[in-house]
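Trainee: Below you'll find the structure I mean.
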Amino acid sequence: SFIGAGQQNCNICSYSSIVGGSSNRNCGCWSTILGGCNNLNLRDCALIYGKNIENCGGINNVIFGVNNYTNNDPSVQGISILGGCGNRVTACLGVIVGGQNNCTSGVCGFVGGGFCNRSGNAVVVGGSCNCAVTNGSFIGAGQQNCNICSYSSIVGGSSNRNCGCWSTILGGCNNLNL
């Protein structure tokens, strides 16, 4: 184990490292906390940098940013939170690139950024308060858009609801596709 600098840092497992920062706890083997403060890693093969990050899920996770976290399920593996604040990934292979208070809860779910977006096994590129939780659904941007059926898409706009599988709303406001 290695601690490069900082204060009140603690490595508990073999082959782990803390490069710097303060009050970081690294309990995973083959894991690294690059810096920041008050970070907690409980799993093996993790890479963490930021402030108040909790990696309590499975192995092979990469988490950066502030107040980002995984759930306590050790089967959740291979997640990436690359930045932002208050983001959460709760399923395997989920990715959040940035933004604030975004969540992905489906296997291979993706949120690019924005604010308060939700993704299941689906993609939300950006915007705010968008919801794409069904298999293979997509929201490009906008606000308060929601895909309710599999393989549907909303490219943009506001307050659109897509309830039809294999269907698309290109944009606009208050559209409802049944």
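Trainee: Restricting the first residue to the range 159-178 and requiring it to be charged (D, E, K, R), which pairs with a second residue that is assigned to a strand (DSSP E or B) meet a Cβ separation below 6 Å and a spacing of at least six or different chains?
Mentor: Short answer, once both residue conditions are applied: R161/C146; R161/L176.
Trainee: Condition first: out of contact with any Leu (no Cβ under 7 Å at 6 or more places or on another chain) and either at pLDDT below 95 or not in a strand (DSSP E or B) (or both). Now tell me which residues in the range 105-120 satisfy that.
Mentor: S105, G106, G109, G112, G113, G114, C116, N117, G120
Trainee: Only residues that are small (G, A, S) and open to solvent by 10 Å² or more (accessible area, probe 1.4 Å): list them for the range 51-65, please. Spell out how you get there, then give the answer.
Mentor: At the first step, the residues of the range 51-65 found to be small (G, A, S) are 57-58, 65.
Answer for the range 51-65, where residues must be small (G, A, S) and open to solvent by 10 Å² or more (accessible area, probe 1.4 Å): just G65.
Trainee: What's the number of the condition N68 fails, among (1) open to solvent by less than 10 Å² (accessible area, probe 1.4 Å); (2) out of contact with any strand residue (DSSP E or B) (no Cβ under 6 Å at 6 or more places or on another chain)?
Mentor: (2)
Trainee: Among the listed residues S150, S128, S75, which satisfies the condition of being surrounded by fewer than 21 Cβ atoms within 10 Å (Cβ to Cβ) and either in contact (Cβ under 8 Å) with a residue 60 or more places away in the chain or under 27 Å from G36 (Cα atoms) (or both)?
Mentor: Only one candidate qualifies: S75.
Trainee: Is it true that V107 is open to solvent by 50 Å² or more (accessible area, probe 1.4 Å), out of contact with any strand residue (DSSP E or B) (no Cβ under 9 Å at 6 or more places or on another chain) and over 22 Å from N52 (Cα atoms)?
Mentor: Yes: the conditions hold for V107.
Trainee: Okay, moving on. Out of (1) within 24 Å of C27 (Cα to Cα); (2) touching a residue at least 24 places away in the same chain (Cβ under 8 Å), the odd one out for G114 is which?
Mentor: (1)
Trainee: Going through the range 31-80 one residue at a time, which ones are at pLDDT below 85, in a strand (DSSP E or B) and farther than 20 Å from G99 by Cα?
Mentor: Correct list: empty.
The values are calculated or read from the model by the stated rules, or taken from the named source; none is laboratory data. From a predicted model like this one, the values you see are computed outputs, not experimental measurements. Counting neighbours? That spans all protein chains shown, and the Cβs are built from the backbone with ideal geometry, glycine included. We work out accessible area using only protein heavy atoms, side chains counted, and drop any ligands, DNA or RNA first. Shrake-Rupley method; radii C 1.70, N 1.55, O 1.52, S 1.80 Å.
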